[in-house]
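Student: I'd like to ask you about the structure that follows.
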């Protein structure tokens, strides 16, 4: 009850319990000790901010773009592993928000650098072939 009141969810108590137990009960008294512990853990877990989710998706898209510039097809898991390795963490969801932003900027810059060097190399090759 304390956790529900802290989250301003007292009015939705029955509905939350109903959804948590998948329709078995809407009363806290009918929860087993294990269920009660799990329900409390769910209430105490940090909420994923929409901004954080957006930053994660932006980073994933940017890394996919980076690999696309290198003409490499990669999976989502490979992209997440790349981000984890760059951030120095074991799980993609453990990357802090400020690090997501800095990684996005770094991979975006790499993508621009690849594009620039490709244009320079292409013009150099065209110049060399026109002289021969």
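The values are calculated or read from the model by the stated rules, or taken from the named source; none is laboratory data. All values derive from a computational prediction rather than experimental measurement. Positions of Cβ are generated from backbone atoms using ideal geometry, with glycine treated the same way; all protein chains shown enter the neighbour counts.
Student: For segment 86-104, give me each residue that is within 10 Å of the chain's Cα centre (by Cα) and part of a helix (DSSP H, G or I).
Tutor: Once the filter is applied, which keeps residues that are within 10 Å of the chain's Cα centre (by Cα) and part of a helix (DSSP H, G or I), segment 86-104 yields 92, 93, 94, 97, 100.
Student: Any idea which of (1) at pLDDT 90 or above; (2) touching a helix residue (DSSP H, G or I) at 6+ places or on another chain (Cβ under 7 Å); (3) surrounded by 15 or more Cβ atoms within 10 Å (Cβ to Cβ) is the one residue 67 doesn't satisfy?
Tutor: The number of the failed condition is (2).
Student: Okay, moving on. Pick out the one residue from 114, 100 that is surrounded by 10 or more Cβ atoms within 10 Å (Cβ to Cβ), more than 17 Å from residue 57 (Cβ to Cβ) and in contact with a helix residue (DSSP H, G or I) (Cβ under 8 Å, 6 or more places away or on another chain).
Tutor: Going through 114, 100 in turn, the sole match is 114.
Student: Right, residue 58: surrounded by 12 or more Cβ atoms within 10 Å (Cβ to Cβ), on the phi < 0 side of the Ramachandran plot and not assigned by TED's automatic domain parsing to the domain that holds residue 9 or not? Spell out the reasoning first.
Tutor: Values: surrounded by 12 or more Cβ atoms within 10 Å (Cβ to Cβ): yes; on the phi < 0 side of the Ramachandran plot: yes; not assigned by TED's automatic domain parsing to the domain that holds residue 9: yes.
Yes: the conditions hold for residue 58.
Student: Could you tell me which of the residues 36, 43 is over 30 Å from residue 104 (Cβ atoms), within 25 Å of the chain's Cα centre (by Cα) and in a helix (DSSP H, G or I)?
Tutor: Numbers: 36 fails: within 25 Å of the chain's Cα centre (by Cα).
Answer to the selection: 43.
Student: Looking only at segment 12-23, decide whether some residue is exposed (fewer than 10 other Cβ atoms within 10 Å of the Cβ), part of a helix (DSSP H, G or I) and out of contact with any helix residue (DSSP H, G or I) (no Cβ under 7 Å at 6 or more places or on another chain).
Tutor: Here is the first cut: in segment 12-23, the ones exposed (fewer than 10 other Cβ atoms within 10 Å of the Cβ) are 22-23.
Now restrict to residues that are part of a helix (DSSP H, G or I): none.
Among the residues of segment 12-23, not one is exposed (fewer than 10 other Cβ atoms within 10 Å of the Cβ), part of a helix (DSSP H, G or I) and out of contact with any helix residue (DSSP H, G or I) (no Cβ under 7 Å at 6 or more places or on another chain), which makes the answer no.
Student: Looking at the structure I just gave you, is residue 83 closer than 30 Å to residue 108 by Cβ and either in a helix (DSSP H, G or I) or modelled with pLDDT of 85 or more (or both)? So that I can check it myself, show each step before the final result.
Tutor: On the way: closer than 30 Å to residue 108 by Cβ: yes; either in a helix (DSSP H, G or I) or modelled with pLDDT of 85 or more (or both): yes.
So residue 83 passes the test.
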